[in-house]
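Remarks on the structure that follows.
The values are calculated or read from the model by the stated rules, or taken from the named source; none is laboratory data. Since we're looking at a predicted model, the values are computed, not measured. Cβ sites come from the backbone with ideal geometry, for glycine too, and all protein chains shown count toward neighbours. Note: accessible area is taken over every heavy atom of the protein model, side chains too, but ligands, DNA and RNA are not part of it. Shrake-Rupley method; radii C 1.70, N 1.55, O 1.52, S 1.80 Å.
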Amino acid sequence: MAASPPWANLIGALVREIATRLPCKFDRVHFAAVCRSWRESLEQLAPLPRSPALPFLILPLAEGPAVSCILSDYATHPAVVLDWVRYARYIGAYDDGWVFLSTAPPQGPQHHLLLDTYQFDRHINLPDAFIEHHTGALLPLSIVVAALSFYPDVDGRCVFAGIINVGPVPQGRPMIAFWRIFDPVVPGLFSGPLNPRREWDAVDVVHHHGAFHFLTQGEHIIVAKPEFHYWCPVPAMPQVDWEFRCFPSNRRGYNQQHVKARYLVKSREDLLMVVRCSPHPGQPTSAFKVFRMVPSQRARCRQYIWQRVPSLGGRMLFVGRGCSRSYEADHYPAGIAGGIYFFDDGFIQDPVMLQQPQYSCSDCGKWTESPGPMVERCFPAQGASNYSPQGWRLP
């Protein structure tokens, strides 16, 4: 029998000290698997303290998805994925490892689902069609962004809100939809106030203070409280209490930069709007602007303004449509600083018309405000993907 390597004889206290300096759960598993003596040392000691989890960046690699971990210095770890969702398109995420996906098998229709990435046998089928009220016909839809009222308990009263495109391809004018967790189809679609400039078109949605908040292209807010009759077993249009909050734009400026995307983020009881900019269309992300929603003190009626947030104040903002989250940097080990983490969520090209990859997956990284505003390309570089954009897997 071969002799044990010298590092296998480390005393238990030293093994534990090393393990406590590994905040990433993947690294701790790999550490314990190095040799039997290390694993036994860790099993005999009290459970190791753990830092609060942070989102993983999902990397849609050609061989299948992997994840990049911030707590592991952006190392790449393999993702265990079932074959039938290996090449699904990422739509969004919810807490505790739930991920919104769209699958399109060869010669088959598009299918939407909410998958529990911690228990792969647990998923919730989402609607793939909506009822057209003028004719009663079922028409295909594509979910662009989705959000939940609370945790997706199949036996509960969780309500979904989505930004929807009519048709099997996610393109065209966005519509708003609501459905219950057991609805096989969306009972109907809503549109914002008609405007030729489409400034009321929804671009993001979050559930905040008991209502869904939709951010629009014109940086307004649509507040919606849908009410369903849960005794009704068939899909039925909800009664929706609407509030349209119009925000003046004369105090916001982006220094003539191009706005690539806008996100809503709940942070410290505030609702933030994070604006992602680049010097010109088609160029990589170069800057972010952060605002918080506050009531206007000058208006006689109930109005709101976007107030510039001069500093993140130790926040770590992870932005993505329908899945933005906020964390506090001082809850994590030294070296984990505040900033805005972002992934490449560029627009989707029509796969029918173009034979090239649909998602570039290169415009991702971290934006920091000190010592000077800058973008750090910290995540692993990857080539273009022909099946999904990047996304967050939320803890």
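Being within 21 Å of H207 (Cα to Cα) and in the same structural domain as A93 (by the TED database), is that true of even one residue in the stretch 307-315?
Looking through the stretch 307-315, at least one residue is within 21 Å of H207 (Cα to Cα) and in the same structural domain as A93 (by the TED database).
Here are some residues: E376, E369. Which one is open to solvent by 30 Å² or more (accessible area, probe 1.4 Å) and modelled with pLDDT of 90 or more?
E376 is the lone residue from the list that is open to solvent by 30 Å² or more (accessible area, probe 1.4 Å) and modelled with pLDDT of 90 or more.
In this structure, does S41 turn out to be outside any strand (DSSP E or B), in contact with a Gly (Cβ under 6 Å, 6 or more places away or on another chain) and modelled with pLDDT of 70 or more?
Considered against the rule, which asks whether it is outside any strand (DSSP E or B), in contact with a Gly (Cβ under 6 Å, 6 or more places away or on another chain) and modelled with pLDDT of 70 or more, S41 comes out as yes.
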>> Just the residues that are crowded, with 16+ Cβ neighbours inside 10 Å and more than 17 Å from Q256 (Cβ to Cβ), please, taken from the stretch 285-296.
In response: V290, F291, R292, M293
> Do any residues in the stretch 140-154 that are closer than 19 Å to R173 by Cα have Cβ atoms under 9 Å from those of residues that are surrounded by 14 or more Cβ atoms within 10 Å (Cβ to Cβ) and among the basic types (K, R), where the two are at least six apart or on different chains, and which pairs are they?
Replying inline: V144/R321; V145/R321
> What about E132, is it assigned by the TED database to the domain that holds S267 and at pLDDT below 90?
Replying inline: yes
> Of all residues in the stretch 159-206, how many are crowded, with 17+ Cβ neighbours inside 10 Å, modelled with pLDDT of 80 or more and more than 21 Å from T103 (Cβ to Cβ)?
Replying inline: 18
> Has the stretch 298-308 got any residue that is closer than 19 Å to S370 by Cα and not in a loop (DSSP other than H, G, I, E, B)?
Replying inline: yes
> When V80 is evaluated against the numbered criteria (1) part of a strand (DSSP E or B); (2) surrounded by fewer than 18 Cβ atoms within 10 Å (Cβ to Cβ), which criterion, by number, is the only one it fails?
Replying inline: (1)
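Results for (1) in contact (Cβ under 8 Å) with a residue 12 or more places away in the chain; (2) open to solvent by 30 Å² or more (accessible area, probe 1.4 Å); (3) more than 27 Å from E369 (Cα to Cα), shown as yes or no for each residue.
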| residue | (1), (2), (3) |
| --- | --- |
| K225 | yes, yes, yes |
| M237 | yes, yes, yes |
| F247 | yes, no, no |
| V274 | yes, no, no |
| Q283 | yes, yes, no |
> In the stretch 222-236, is there at least one residue being among the aliphatic types (A, V, I, L, M) and outside any strand (DSSP E or B)?
Replying inline: yes
>> Tell me whether the stretch 298-311 contains one or more residues that are modelled with pLDDT of 95 or more and open to solvent by less than 30 Å² (accessible area, probe 1.4 Å).
In response: no
> For the stretch 315-357, what are the residues that are among the polar types (S, T, N, Q), farther than 18 Å from F56 by Cβ and modelled with pLDDT of 80 or more?
Replying inline: none
